[in-house]
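Read-outs: derived from the displayed coordinates by stated rules, not from any lab. Nothing here was measured: the structure is a model prediction, and the numbers come from that model. Every residue, glycine as well, gets a Cβ built from its backbone with ideal geometry; the counts of neighbours run over all protein chains shown.
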Amino acid sequence: MAETSGSTAADFSSNGPSSEPSTAELVTRLTQQSTELIRSELRLAQAEMTEKAKHAGVGAGLFGGAGVVALYGVGTLIATIILALSMAMPAWLAALIVTVVLLAIAGVVALVGKKQVSQATPAAPKHTIESVKQDVDTIKGGGRS
């Protein structure tokens, strides 16, 4: 009877050599492992979102730079149009004509934008609110719909 068949001191608990963990111990382990898993997943999600935010920031900066260069391009195009018109009429008249056309375009765009903004009345997301209410009712009612 001197043979222990590979058992170690760790195999023995306070209840004896081959006792199974109690339900309370299993629930405690489950709670601890679930908490650890959730925290690990949250850290992973945070790292992924940080990386994506960096790329989004760089992309937004590049778009902003492209917008500035495009604005200079439009200004140069406007100057070219004025110079081309000044070959057929006085330069001041060419500049005045281009200015009036640009202001007319700006006015039309502003009116269209104002119309769009007035149609965009802020409203609560009805479908989402109803869905959340149904979820809460289901949880409170123990699964009854």
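Descriptive notes on the structure:
- Residue 84 vs. criteria free of Cβ contacts under 8 Å to residues at least 12 places away in the same chain, over 41 Å from the mean Cα position of the chain (by Cα) and assigned to a loop (DSSP other than H, G, I, E, B): no
- Here 99, 138, 80, 128 are screened, and the one residue that is of a type in the set (S, T, N, Q) and either loosely packed, with under 10 Cβ neighbours inside 10 Å or in contact with a Leu (Cβ under 9 Å, 6 or more places away or on another chain) (or both) is 128.
- Condition check for residue 42: assigned to a helix (DSSP H, G or I) and over 30 Å from residue 102 (Cβ atoms): yes
- Just one residue in the set 73, 107, 113 is within 31 Å of the chain's Cα centre (by Cα) and surrounded by 10 or more Cβ atoms within 10 Å (Cβ to Cβ); that residue is 113.
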